[in-house]
Structure formats: structure tokens, C-alpha cells
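Take a look at the structure below.
We did not get these values from a lab; they are worked out from the coordinates using the rules stated. These figures come from a predicted structure and were not determined experimentally. Here the Cβ positions follow ideal geometry from the backbone for every residue, glycine too, while neighbour counts run over all protein chains shown.
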Amino acid sequence: MGLKALDYETMNENVKKVQYAVRGELYLRASELQKEGKKIIFTNVGNPQALGQKPLTFPRQVVALCQAPFLLDDPNVGLIFPADAIARAKHYLSLTSGGLGAYSDSRGIPGVRKEVAEFIERRDGYPSDPELIFLTDGASKGVMQILNCIIRGQGDGVLVPVPQYPLYSATISLFGGSLVPYYLEETANWGLDVNNLRESVAQARFKGITVRAMVIINPGNPTGQCLSEANLREILNFCYQENLVLLGDEVYQQNIYQDERPFISSRKVLMDMGPPISKDVQLVSFHTVSKGYWGECGQRGGYFEMTNIPPKTVDEIYKIASISLSPNVPAQIFMGLMVNPLKPGDVSYDQFVRESKGILESLRRRARIMTDGFNSCKNVVCNFTEGAMYSFPQLRLPPKAIEAAKQAGKVPDVFYCLKLLEATGISTVPGSGFGQKEGVFHLRTTILPAEEDMPEIMSSFKKFNDEFMAQYEDNWNRSRM
Amino acid sequence: MRRFVIGSARNLIESSRQKYQFERSILSSPYRFLSSSPAADSPSSSSSSSSTMAHPVSLNTINPKVIECEYAVRGEIVTLAQKLQEEIQTKPDAHPFEEILYCNIGNPQSLGQQPITFFREVLALCDHPAILDKSETQGLFSADSIERAWQILDQIPGRATGAYSHSQGIKGLRDTIAAGIEARDGFPADPNDIFLTDGASPAVHMMMQLLIRSEKDGILCPIPQYPLYSASIALHGGTLVPYYLDEATGWGLEVSELKKQLETSRSKGITVRALVVINPGNPTGQVLAEENQKAIVEFCKQEGLVLLADEENVYVPEKKFHSFKKVSRSMGYGEKDIALVSFQSVSKGYYGECGKRGGYMEVTGFGADVREQIYKVASVNLCSNISGQILASLVMSPPKVGDESYESYSAERDGILSSLARRAKTLEDAFSKLEGVTCNKAEGAMYLFPRIDLPEKAIKAAEAAKKAPDAYYCQRLLAATGIVFVPGSGFGQVPGTWHFRCTILPQEEKIPAIVTRLTDFHKSFMDEFRG
């Protein structure tokens, strides 16, 4: 036999460094157990429609008609498709370059990008340029494209919140950059303290790292916190002073479960701050059709909007996008529909509002049920899920449990989550997959299981937790009385 | 029954195509400065403290590999074409032609090719499964498309087409694809070897990511090649090791050439990691002979190279296509003998569903630890788009004899294939008649890559205009006729030779006009520059 072609030793080291716990050890074990016949509740990824959330009817009607345009010629099409869906399908087909099967502009269909710009303008009160909006096959691809531009080598650092959604750590590893962590304050509702930022940057610079960018996830993942306007101003000022490009991951902007801090976009705050900052700070904002109340994860639809990125650089980013020719066209139509919703008076409006409100209100209730359920356990402390789709309770694990984990060769929260999985079928992601302070443990679950299943899930968790604690903490049972 | 001649819907798409070309140019090209920012490549002149330091995202501070990589298919000539189109819309007499004829990109449905009805029926039903229960649906869709949709939905957990799937793609669809591969090749395929991706490009990027550790890692690529490979290698910081296809023998791939390039690069300290073969070729269109393929497989095995087989351009009128998987297995080589990654996509063939971004790679011959890493990288992006996954499975398992839709399916398919064959022949013949032009047959793929011997005077004129000679020819052609070809320099060619790539995709009724205009232009060009 000849020489070995590609083996583990000769592979790109950066690939080996990549970790993505969301579909890592816990998920793989859960899948194994599922194959063996165990009932698994997958709460490892923000995947609403996998847990019973129904797709909104109207967008599905429109896209189905776009898939099969010959239906539009059939006199009976009105029997199963409402008039406004038919009209909208015609509208989007007219914007394409030959239907769903043709490559579009590499930045996405111009007409859809215009609708995105109009949405941004309505939302923020400032005009947005469609030429600076690129549609992508999911927001993740957009994040990867932008980080690929920013990271030149190991010497380039990207500020990432801890805890964070591990797309960021994985991508930074893949591109050979340096992750510069800044810790969110769990005791202050996962708040962001600018002093933490300054400290992180100082430490990184001391190590010879050039800090180039800052990621904020607003609302947070896994933490759920919604940034206040004051916080956003601080962050933008900080980026201005330190010459950082701000990457605003705002994919959960529709998922807000409290009224004190509604969503405000980074761009709005930036524009509100006026010149010189508003004309100087570089910002890339990300959004998606996967979250919110749409939950259309499987479509892979997203966009990024660039602010204060110079024209020739935009051209380079366009060039990279053009190598993949174009983002998938059906998802672009979903994006158009999401940013350009139905209006009162449209035939399908009432149903659309009913479906949307139903989902959002239920999510709000489930956020509460889950937070309260976790907090009812003595050794669990859980901040309220202000936004996004997750709950990130802190687990206070006794020394004996930590020792047992060590014996088993596992990080304590991995140990706990595996036991939880085996006992209850609940598949979570250990907090170590997102980053946390040394010696502090969490798990991430989603608030997505069906509302009617929630009470049982929470009591199942509580039962497991009490048994786990009884096993590993002396006097656990006595102390609870 | 339920099928109507595609009337007003087709017109809708037709007019959208024409509007698209127009609007694209209106909304500014990437090579013009955007009006929202000043002319210099900096966002503002009025910033204070940080203006002394370059912004993180600016031309001289971004990743240099981004700057280095190039991709000609959507490059300069297309931008020019859009500008001209804009001019014609506003002033119809501005140019000696009424319309731009795009022959630059393999985007069949943007040029009027119709999608396969059965595939679209199934996709529409999967997009909106709520209508499957309605009796009216039976009147609008064929019975077998309804059945197939049910089948597919049953393979998706919870019938949730909007949920992220398994990171390799929905298992049931991979089963279908594996069965399709087995039926095609006569050798088994494992669904666990299949990774469904958003088109073939992300799959190529993934493999380059794994293989390239530094600029000391080389990837053997054909010249001419489809510039995804050169771009991806540049982006990942590797070295492209070119091997020249032999134009004289119909773009044959000689193992002696491979050996020569391999040795040369090794002597320069490059570790060659993989061999890219595009079969059928792009831009060259040739289908490799089986004997040739066997020699390539043997070469990779002996030299310890991963064989990256891009097989997405397969639509083969006459010459028979053999996948590299089939060839390797027929040689008795299995998992332990050869590392082979085969790329497929739904963008080409008779289905031409570019906009769907559907594709897959079949990964064989790697150890479990490497496989885990591939899975891990795929999982960071969660999964590819579900509709594209479904389409990939449909392409690998189209209607069979006896199915209700079989006749209309095969009529549509054969119609497209025979039309492509006619167009290929017409254009080949036209090119061959041009002075100084030789054109290899389009054996497969949807491209022609004629060679043009440019007179010395023309080459000098190109130099004066600071253009590559083939780019100069293409621009003059565009200006005189509205026809858009991609200069051969975008794909690579033996130095001192010139080519251009032309797709065979423009509508059949437009082909005579293309031939006439091209022929007239060429004659006057040669008259102008002939020695």
C-alpha cells in the first residue's frame, strides 16, 4: 500500500482545536440512546420546529407557490392558497433572476435586500443602504465570512463574551486567531461591565495580541440578557476608543420576554450617538430567519449589514461571497417575508398575528416556568431568561460530585449532564461548552419544549437533581427539611 | 389532468429575468465606489482619535488571503456587460445590439431553462405539508409527487422541514442518495459517508480546510480549472500546484504530467496533499476515459494523495461517465486503499437548480478520527438547507418507468438534454469555422472552451489597453455584439495560449443570433489585426 493520504496527525491543527459542544459529546450520546429506543428530549440547540413549534402558515404558502410556479396558472390554486399568498409569490418571483432555481446576485436578490433595508429603517429610524446588506446561508456563514476577513493570524484577538455561543470560539480556532474573553456578571443578571472589557483588552495586549473586534450577542446566548441602551453606548464608546469593529449578533431580537429592556439595535444607538462616533465605529450586524417566532432553522437564511466599512473592503467581502455564487434563494424569500410582514387588511393578517403572538406569548410563559423550576432546586440558581431561547442555570455541585467526575475523566458539568441524560432523556449542553468562570458550573437548555410538556420536564429534572445531590452531598436530605 | 402549460407564471419569471439583469446594473456594481462614502477607501474624514490608526476592517488591515484570492466568473467582463445593459435600457440606440447575451455563467434557469416539474411538486409539498391533507391538493399535484412528499416527510423527525437536521443531512435522504450512487456505480455506498452541503462549494472549502496547514501544503489542480479551487486554496493559505490538461488530445489528463508537477513541487519543499480532478471538466468539458481514470487512481494511491473528484458537471450526451468511486472499486481498491472525496451538486445536469444550493460529498478512505473531525466542522454550521437536501435526494432517485410522472419527467429531461446537445453542436461548429479558432467538442458539462490564436497586432493592442489578450478580445466582442464570454485567463491556460469560456445555455432561439454576431465580429476583428 502507498503512503497514507490524510490522517489525524497530518491534518490542519486549527481544525483539531475547534470545539462545538452544541453538537458534541452530549448530543452524540443522546443520539446513541435514541437509537437504542430511549425517549430523548433534545434541548441542546435552539431548534423550535424540532420540538413541535409549527411553521407560520403564510410564508410556507408563499414559498411553496414560488417552488412550483405552474400552480399560479392553475384556476384552482385559490382553493388552497389565499389571494395574498398568491400575490406575494408573484412579487418575489418577479424579483428573482429566473425563479428559485437560478443563482441570484452573490449578495442576495436586490429587491429582498431593499426590503431588509426598509425594515431596518422602520425599526431604527435611520436609513439603511441595501448595498451594504448581504444575505447569507444562515447568519453563521455571515459570521464566518466576516471573522475570516478580520483574523490574519494568531496575533489577532477577538473579544468574545463568556459565556458565549460557541460558533465564535470555534470560528476563531478554525481561522487561527485568538479569543479574548470578557466575563459577563452572573450576579448582575449577566450584565456587561466595561471595566471587565478594559481588563481583558489590557491583558491581551500585554500578551502581544492586537485586539481587532468585539462580539456582543444581544439578546445573549446562552445567557439571555438584553443589553440596555446605556450599556450599548458604553460598548460603542469603548470600540471607538480602542478601534475595534463591533460584531452585533442580534439573531434573537424578536425573542424578548420582559418589558424593562426592549430590544435596541447596536446600529440605532450608534446613529443616535451622532458624529464623530457614528461615522467612525465599524459595525457588522447579524440577523436570521432561524430564531424569533419564525424558527425556520432548516432554511438557512440570514443577513449581515455593514456600517462604516470602506467601499473597497466591501468589494473584497463581495468577492468572497461571489466564490459561493449565491445564497439559497428560497431562504432569501423567507427573509423578505420576515422583514416585510403582512399588514392589517391582508387576508392572512389575522391568522399570521394569531400564530405569531401565540408563539411569543408561550415562549414568555415557558421562560418563566423554566426559570422558576430551576430556582426551586436548592443547589440551582437561575437568572431569568430575558430574551433568546435558553435557560442557563448555575449548578452548585458538591465536592464529592466533582471528585466523582474527575474519576470518570469528565468535567463536572459534563458529568452531571450525562447523568441527567441517562436518567431523564433530557439532552442539554454543559456550561463548559460556552465558557464560565473557573469552578462555576452550568448547563444550557432551551425553553422550546412544548408548554404542556414543561411541568413534567421540570419535575423530572428536579427528581434527578435531588437524587444526584442525595448521592453526592452529605446531609442533603436532612438539610432540605 | 392537473398540468397546464406554464403560461403567465412563466412570463412572470421571464420578465423577472430581464428585469434582474437591468436592476442589477442599476444597483451599482461592486467595482464602483459606493455613493454613501467618500471616494477614498475610508469611511469618514471627520473622525478624531482613531483616525490615525487604520480601521480593523479596511483594505490594508484585513486578512491578506482575502485580497489574494480571485474569482473571474463574476468579474470585470460581467460588470461591463451590466453597464452596457443599463445604457441600452435608457437609450436603445446606444449600442449596435438590442440585448446582452450572457454566456458567462452556468446558471441555466436564469436563461429560461425550466425546472423539472416533478421535483418542484415534491419540494412545494414539503415546504407546505399542511396542504397534503386537503382533497383539492390531489387536483393540483400528481399522485406520485404527493406520495413522494409523504415518504420524505416521514423521514424527517416530526415532519419538521424547518428544523435543523443531523449535521450530515437527514438520514433517510442520505439513504436514498447512497442507493442512487449504488445503482449508478454497481458498488455499495454508505449513507454515513455522505455529507449534504449548501451546494458543492462549502464541501470543497471543508476539505481544503482539513488538508491545508500552511503554504507548504500543495493541492494539484487542473489548468484550466474552475476558479473555486484556486480561490479556496488561496483563502486557506495553501499552494496551488498546476497540472496542464492537454488541449491537443481533447484536454486529456496525462499521468506523466501529474508526476512531473508533483516532483517539481516536492523539490521546492511543497508537500502535495491532494489531486483535484474535475470530470466532466470545467471549463473544458471533456469526459475522462476509464483507462485514464484508472491511472489517476493508481497515481493517488502510490503517492498518498487524497483524490478530490468534482463530478457535478455530469450531463453526458454521448460519452459514458464513470464515477471515480466506481473506477476505484472496480480496480479492487476499497476503504483502506484510496482516500476519495466525490463532490456532487444539484446546480448542473438537466435539473440546473443553482439557486437551491444543494449538494453533497461522499467521503471514503479515511480513518474514524479524520471522519470525526469532518463531522465536527460540519456541525459548527449545524446543517445545510433542508430543501436543497430534499432536492439532492430527488435528483438521485427520479421517477421510474411506471410512475405516474415518469413520462412527463423523461420528456422534460430528454427535451433539455437534446436541446443542450443541439446548442453545443451549433456553437462548436460556429467556433470551428472562425479563423484561428479551434474548439474541442463539448463531451459533457455545459461549456465550450475554444482556443483563439490572436495575431501579434491584437496582442500589442491588448498590452496597450493593459488587458490580457483574451480579455481584450472578450471586451471588444461585448462592445460590438453584446455577447458575454469569460476570458480564458480566469481559468488558467498554457502560457501564450488564449481561450474564452462560453456556456451552451442561452435559449435555443437566440443561438443563431449569437452565431451570426460572433462570426461577423470575429471577421472584422481579424481584418483589423491580421498581420
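Annotations
- Among B:497, A:446, the order by Cβ neighbours within 10 angstrom, fewest to most, reads B:497, A:446.
- Anisotropy class of the range B:197-276 from Cα gyration tensor, a/c 1.5 cut: oblate
- The phi-based Karplus calculation (6.51 cos²θ - 1.76 cosθ + 1.60; θ = phi - 60°) puts the 3J(HN,Hα) values of the range A:459-468 at 6, 4, 4, 4, 4, 4, 4, 5, 5, 4 Hz, whole numbers, x for Gly and Pro.
- Here is the list for the range B:333-367: trypsin sites (Lys or Arg not before Pro) lying in DSSP coil, each with at most 13 other C-beta atoms within 10 angstrom of its C-beta, are B:336.
- Relative contact order computed over chain B (Cα-Cα under 8 Å; 6+ residues apart), in percent: 19 percent
- Computed about its Cα centre, the charge dipole of the range A:372-463 is approximately 520 debye, with only Lys, Arg, Asp and Glu carrying charge at their Cβ.
- Mean silhouette area of the range A:349-435, derived from the convex hull of its C-alpha atoms and averaged over all directions, reads 7.1 nm².
- Residue B:147/residue B:268 FRET efficiency (R0 60 Å; Cβ-Cβ; nearest 0.05): 0.55
- With helices as the sole contributors, chain A gives -13500 deg cm²/dmol at 222 nm; each DSSP H run of n ≥ 4 counts as -39500 (n - 2.57), and the sum is divided by every residue.
- 16 Å cut-off, amide nitrogen to a point 7 angstrom out along residue B:479 Cα→Cβ, residues in the range B:435-471: B:458-471
- Using just its DSSP H runs of length 4 or more, each adding -39500 (n - 2.57), chain B gives a mean residue ellipticity at 222 nm of -13500 deg cm²/dmol after division by all residues.
- Taking trypsin sites (Lys or Arg not before Pro) across the range A:124-213, the ones in a DSSP loop with at most 12 further Cβ atoms lying within 10 angstrom of their Cβ are A:207.
- For residue B:486, distant residues with modelled amide H under 5 Å away: B:501
- Pairs of lysine residues in the range A:93-339 - Cα separation under 17 Å, sequence separation of 8 or more or cross-chain: 4
- Cross-link reach list, aspartates and glutamates versus residue A:462, counting only Cα pairs under 19 Å and skipping chain neighbours closer than eight places: A:372, A:413, A:422, A:451, A:452, A:453, A:473, A:474
- Loop GluC sites (Glu not before Pro), the range B:346-412, which have at most 13 other Cβ atoms in a 10 Å radius of their Cβ (DSSP): none
- Prolate/oblate/rounded call for the range A:93-339, Cα gyration tensor, a/c under 1.5 rounded: prolate
- Using only side-chain charges placed at the Cβ, +1 for Lys and Arg and -1 for Asp and Glu, the dipole size of chain A relative to its Cα centre rounds to 660 debye.
- Normalised by the number of residues in chain A, the average gap of Cα pairs under 8 Å and 6 or more apart makes the relative contact order 21 percent.
- For residue B:306, the amide hydrogen comes within under 5 Å of the amide hydrogens of B:274, B:275, counting only partners 5 or more places away or on other chains and with H modelled in the peptide plane.
- Note on the protein assembly as shown: antiparallel DSSP beta bridges, both residues inside, total approximately 50 percent of the bridges counted.
- Burial ordering of B:128, A:287, B:522, fewest other beta-carbon atoms within 10 Å first: B:522, B:128, A:287
- Computed from the C-beta positions of residue B:246 and residue B:132, the FRET efficiency with R₀ = 41 Å rounds to 0.15.
- Here the ratio of the Cα radius of gyration of the range B:164-396 to 2.2 N^0.38 Å is 0.95.
- Inverse of mean 1/r across different Cα pairs in chain A, Kirkwood, Å: 23.9 Å
- With an a/c value under 1.5 for the gyration tensor axes a ≥ b ≥ c computed over the alpha-carbon atoms, chain B is described as rounded.
- Lysines with Cα under 26 Å of residue A:4, excluding same-chain neighbours fewer than 8 positions away: A:16, A:17, B:216, B:259, B:260, B:268, B:294, B:301, B:325, B:326, B:336, B:376
- Counting DSSP beta bridges with both ends in the range A:93-339, the antiparallel % (nearest 5): 35 percent
- Centre-to-centre, using Cα atoms only, the range B:378-395 and the range A:416-462 are separated by 28 Å.
- The Cβ shell under 12 Å around residue B:224 holds other residues with a net charge of -1, Lys and Arg each +1, Asp and Glu each -1.
- Relative to the current alpha-carbon distance between residue A:378 and residue A:470, full extension at 0.36 nm per residue lengthens the span by 31.9 nm.
- Mean separation of Cα contacts under 8 Å, 6 or more apart, over the residue count of the range B:164-396: relative contact order %: 27 percent
- The order of B:121, A:403, going from fewest to most other C-beta atoms within 10 Å of their C-beta, is A:403, B:121.
- According to the Cα-based calculation, Rg over Rh for the protein assembly as shown is 0.96, with Rh computed by the Kirkwood formula.
- Computed magnitude of the charge dipole of the range B:164-396 (debye, nearest 20; Cβ of K, R +1, Cβ of D, E -1): 320 debye
- Most positive-pole-ward Cα, B:334, B:292, B:434, against dipole of the protein assembly as shown from beta carbon charges: B:334
- Net +/- balance of residues flanking residue A:261 in space, Cβ distance below 12 Å, scoring K and R +1, D and E -1: -4
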